[in-house]
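The values are calculated or read from the model by the stated rules, or taken from the named source; none is laboratory data. Note that the coordinates shown come from a computational prediction; the quantities given were computed from them, not determined experimentally. Every residue, glycine among them, receives a Cβ derived from its backbone with ideal geometry; neighbour counts consider all protein chains shown. To get the accessible areas, we keep the full protein, side chains included, count just its heavy atoms, and leave off ligands, DNA and RNA. Shrake-Rupley method; radii C 1.70, N 1.55, O 1.52, S 1.80 Å.
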Amino acid sequence: MIVSLIERIYALLWGDLIHVPLPGGDSVGISLLIILLIPTGIYFTVRTKVLPLRLFPDMIRALMSKKENKDSLSTFQTLIVSTATRVGMGNLVGVVAAISAGGAGAVFWMWVTALIGSSTAFVEATLAQIHKEKDPLYGGYRGGPAYYIHHYMEEKTGKKKNHTLIAVLFAISGLICWCGISQVISNSVASSFENAFHIPPLYTTIVLVAVAAVIVLRKNATVKVLDLIVPIMAVCYFFITIFIILINMKSIPSVFGRIFEEAFGIRQVVSGGFGAVLMNGVKRGLFSNEAGSGSAPCAAAAAECDFPVRAGLTQALGVFIDTIVICSCTAMIMLLAPENVVAGKSGMDLLQSAMKYHLGEFGVIFIALTLFLFSFSTFLGILFYARSNVSYLFGDKWFWQTAYKVLALVMLFIGGIAAYTFVWDLGDVGIGLMTIFNTGILYLMGGQALKALKEYESNKDKK
């Protein structure tokens with residue numbers, strides 16, 4: 001009964017809700033989540049006057065904001081936490097899947113999605129910062145959609161409440177989602193290590209869970225570890241890609257030509273492939289950068305900064321880093337490999353084959369290690385997000401914080417030794433419901449973020 005219900009909700013959220021006909025006999029299948037996220041991104045891009053382009057220098061400067069309380073996080077640290085969760089499987093296998101199904105043109109539509117997603121990320125992060133609260137357990141601040149939804153409902157009813165229904169549903173959806181992701185993470189890492197090093201999944205899983213337990217069960221070790229891992233993994237991946245680009249410099253013009261040609265190409269329209277190009281790029285872009293899902297605001301709320309807008313600008317930059325930089329790196333690695341090397345392959349096998357062509361056996365090992373770091377940092381990041389949701393639901397008690405961490409570790413272990421598609425679907429349902437609750441409230445509360453942006457720009461102009 002429960003499994004059947006989850007499958008129906010999954011189909012509603014992620015399946016093609018409507019089909020839009022295109023020239024050449026093609027059609028575009030659009031899911032409910034895309035119907036929610038794309039208009040939201042366009043709406044806030046217009047309302048913020050194309051903030052990602054107009055205020056890009058301010059995004060960089062926002063990282064320099066200093067904190068005064070040692071227990072709180074700087075804007076840079078919250079960027080590290082959110083980047084840890086954004087930069088994961090979507091940047092590797094997700095990009096591979098988008099290009100496999102939609103061709104090189106899908107990369108262009110991922111870039112477009114990042115542009116409009118940055119504005120959504122700005123609004124939700126700014127709201128989280130406006131409505132943050134003191135965190136008596138971990139120190140510093142906490143917040144996120146559960147908190148700003150709660151405050152909105154209190155203002156509308158004029159009554160103080162311990163909980164409000166929509167906020168509770170969002171918090172539960174988040175915890176369900178992050179448990180499901182835990183299983184996907186360990187399964188992916190165990191599989192890649194088995195392919196690259198022939199290590200049995202059980203051994204990889206035991207080590208993964210043991211290392212994760214040592215970190216997450218300590219009070220404030222998570223952010224310290226992420227501060228170390230995330231910059232290293234992102235910079236290494238970026239520079240390896242730059243090296244690959246440099247040794248294939250002659251092919252770069254043709255790669256960019258292929259991206260733009262296939263994004264708008266007449267051949268794709270006539271052959272009925274334009275829908276695949278468009279939707280695969282859009283889908284992978286949306287679900288890689290997570291803008292609108294309500295995850296990253298849980299990190300944004302923890303920042304200590306003089307203007308709430310600075311936290312929003314930081315998270316807008318995070319979307320840029322995730323999609324424009326890291327996803328593009330994966331795309332370049334694939335598109336610079338000869339067609340005969342990657343033909344007929346998919347998933348990690350395709351990416352590892354491309355890397356093997358560029359860098360030999362080192363490339364295969366590098367991708368396996370990169371996937372481990374990306375995935376491991378994602379696990380640490382989602383447990384940071386879970387703090388605020390657990391506190392909202394159960395109060396400030398160490399027992400409940402620890403209980404959820406243990407549950408996530410159990411799911412991490414189970415995922416490494418066996419893949420249960422039901423749990424994976426449950427994770428997708430969780431993020432889908434989060435997105436519905438969060439995007440709905442953004443339209444109602446977005447004016448607060450826009451007002452804060454106006455005040456920020458007014459003060460900046462006076463200096």
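Key figures for this structure:
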item: Rough spin-label spacing in nm, given labels placed 7 Å along Cα→Cβ, for Ala213 and Asn195; result: 2.9 nm
item: Accessible surface, 1.4 Å probe, highest first, among residues Tyr141, Tyr392; result: Tyr141, Tyr392
item: Candidate residues Cys298, Cys236: accessible-area rank, largest first, probe 1.4 Å; result: Cys236, Cys298
item: Exposure of Val216 as accessible area (Å², to 10), given a probe of 1.4 Å and all protein chains; result: 0 Å²
item: Ile206 paired with Tyr443, simple spin-label distance in nm, labels 7 Å along Cα-to-beta-carbon; result: 5.3 nm
item: At q = 0.17 Å⁻¹, base-10 log of I(q)/I(0) for the range 149-205 (Debye sum, equal scatterers on each alpha carbon); result: -0.63
item: With every protein chain in place, the range 169-251: carbon and sulfur % of accessible area (1.4 Å); result: 74 percent
item: Solvent-accessible surface (1.4 angstrom probe) belonging to Thr323, in square angstrom, nearest 10; result: 0 Å²
item: Long pairs among Lys132/Lys454; Lys132/Lys460; Lys156/Lys451; Lys159/Lys405; Lys219/Lys460, criterion Cα-Cα beyond 31 Å; result: Lys159/Lys405; Lys219/Lys460
item: Cβ-placed point charges (K, R +1; D, E -1), dipole of the range 291-426 about Cα centre in debye, nearest 20; result: 200 debye
item: For peptides 194-204, 170-180, 363-373, sequence by mean Cβ density within 10 Å, most packed first; result: 170-180, 363-373, 194-204
item: Exposure ranking of Leu53, Leu450 by accessible area [1.4 Å probe, largest first]; result: Leu53, Leu450
